[in-house]
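Some notes on the structure that comes next.
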Amino acid sequence: NGLTNTFVVKSNPFLRYSIGVFETIDEARIFRNHLVKIGFDDAFVASYQNGKRIKIESPY
């Protein structure tokens, strides 16, 4: 479906997909809304710093 910058992470027993690299949280949230509209209802925003996931105020 044309999604680029896609990464797959195996997290037993699930596969998690990471899509996109964004400069701002607003850009990421706009893209998340697009994903929800095309059927990825459980999409959320995750933030990373120096390769480690960091907590953000709201991932939705």
Q | Test result for Arg32, surrounded by 13 or more Cβ atoms within 10 Å (Cβ to Cβ) and either of a type in the set (Lys, Arg) or touching a helix residue (DSSP H, G or I) at 6+ places or on another chain (Cβ under 6 Å) (or both) | A | yes
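Select from segment 21-54 the residues that are in contact (Cβ under 8 Å) with a residue 12 or more places away in the chain and touching a strand residue (DSSP E or B) at 6+ places or on another chain (Cβ under 9 Å) and list them in ascending order.
Start the filter on segment 21-54 by keeping residues that are in contact (Cβ under 8 Å) with a residue 12 or more places away in the chain, which leaves 21, 25, 28-29, 31-32, 35, 38, 44-47.
Passing the criteria: Ile25, Ala28, Phe31, Leu35, Ala46, Ser47.
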(Q) Kindly evaluate Phe7 against the criterion of being surrounded by 10 or more Cβ atoms within 10 Å (Cβ to Cβ) and modelled with pLDDT of 85 or more. (A) no
(Q) Checking Ile54 against (1) under 12 Å from the mean Cα position of the chain (by Cα); (2) modelled with pLDDT of 85 or more, only one condition comes out false. Which one? (A) (1)
Q: Within segment 9-45, track down each residue that is touching a Leu at 6+ places or on another chain (Cβ under 6 Å) and in a strand (DSSP E or B).
A: Ile19
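The values are calculated or read from the model by the stated rules, or taken from the named source; none is laboratory data. Note that the coordinates shown come from a computational prediction; the quantities given were computed from them, not determined experimentally. No Cβ is skipped: glycine too gets one built from the backbone with ideal geometry, and neighbour counts run over all protein chains shown.
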